[in-house]
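Enquirer: A single structure is presented below for examination.
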Amino acid sequence: MFASNFTIAVTHLKHLHDRDNLKVFSQLHTIASDKAMANHFCFTCGTLMYRIGEQHPGKVFMRTGTVDDFSLYGTKLKPIMEIFSKDRVRWLYDVERVAKL
C-alpha cells in the first residue's frame, strides 16, 4: 500500500558489503511513469533495497528500512515529502508538515 523511501544521488550510493548478493529485476515501463526502472533486491532474503529509474536520472530511491543507524530516522531521514498522496486510503492519516505531491 505504501513504502517509506529516501532519495540520494547515485554518486553517493556506497555498498559496504555483499554487493554481489544483489539481484536486479528491471521493468521497461512502470505504471506511474511509463519509464524504465531497475529494482535491486537482496538475493538471500528478497528485500527490495533500492530502485534506480529513468524518470529521475542520477537518483536512487532507497527503502528506509535498509538503514541500520536508527539515529538517522529523526534527523536526516525525517520525511519532507509525500508522493502519490492523492491516492491515500481514507483511514491512513497524512504526515504532518510535509509537502504533498
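Enquirer: Sort 86-94, 70-78 by the packing proxy (mean of other Cβ within 10 Å over each peptide's residues), most packed first.
Expert: 70-78, 86-94
Enquirer: Here is a follow-up. Applying 1/(1 + (r/R0)^6) with R0 = 22 Å to the Cβ-Cβ distance of residue 71 and residue 7, what FRET efficiency is obtained, to the nearest 0.05?
Expert: For R0 = 22 Å, the calculated efficiency reads 0.65.
Enquirer: Still on this structure: With a 10 Å cut-off between alpha carbons and a GNM built on the chain, which of 15, 29, 40 moves the most?
Expert: Among 15, 29, 40, the largest GNM mean-square fluctuation belongs to 15.
Enquirer: If you don't mind, there's one more thing I want to ask. Binning at 10 angstrom from zero up to the longest distance, how are the C-alpha pair distances of the chain distributed in percent?
Expert: Reading the bins upward from 0: 13, 42, 36, 9, 0.
Enquirer: Also, quick follow-up: Considering only 3, 21, 67, whose Cα is most displaced toward the positive end of the charge dipole of the chain, charges sitting on Cβ of Lys, Arg (+1) and Asp, Glu (-1)?
Expert: With unit charges placed on the Cβ atoms, the residue in question is 3.
Enquirer: Give me the accessible area per residue for the range 5-78, probe 1.4 Å, as a whole number in Å².
Expert: Ligands and nucleic acids excluded, the result is 75 Å² per residue.
Enquirer: So for the pair residue 101, residue 32, with labels modelled 7 Å out along Cα→Cβ, what separation do we get in nm?
Expert: Placing both labels 7 Å beyond Cα along the Cβ direction yields 0.7 nm.
Enquirer: Give the separation of the Cα centroids, the range 43-89 to the range 1-16, in Å.
Expert: First find each Cα centre; the distance between them is then 5 Å.
Enquirer: Can you figure out the FRET efficiency of residue 87 with residue 20, using R₀ = 35 Å and their beta-carbon distance, to the nearest 0.05?
Expert: 0.45
Enquirer: Let me ask another. In whole percent, and with a 1.4 Å probe on the protein chains, what portion of the accessible area of the chain is carbon and sulfur?
Expert: 58
Enquirer: What is the Cα coordinate range of the range 1-44 on the first, second and third principal axes, sorted by size from largest, in whole angstrom?
Expert: Here the spans come out as 32, 23, 21 Å, largest first.
Enquirer: Still on this structure, I have one more. List nothing, just return the count: lysine pairs in the chain, 8 or more apart or interchain, with Cα separation under 27 Å.
Expert: 19
The values are calculated or read from the model by the stated rules, or taken from the named source; none is laboratory data. All of these numbers come straight from a predicted model, not from anything done at the bench. In this analysis, Cβ positions are derived from the backbone assuming ideal geometry, glycine residues included, and neighbour counts consider all displayed protein chains. Just so you know, the surface numbers come from the protein's heavy atoms only, side chains and all, with ligands and any DNA or RNA stripped out. Shrake-Rupley method; radii C 1.70, N 1.55, O 1.52, S 1.80 Å.
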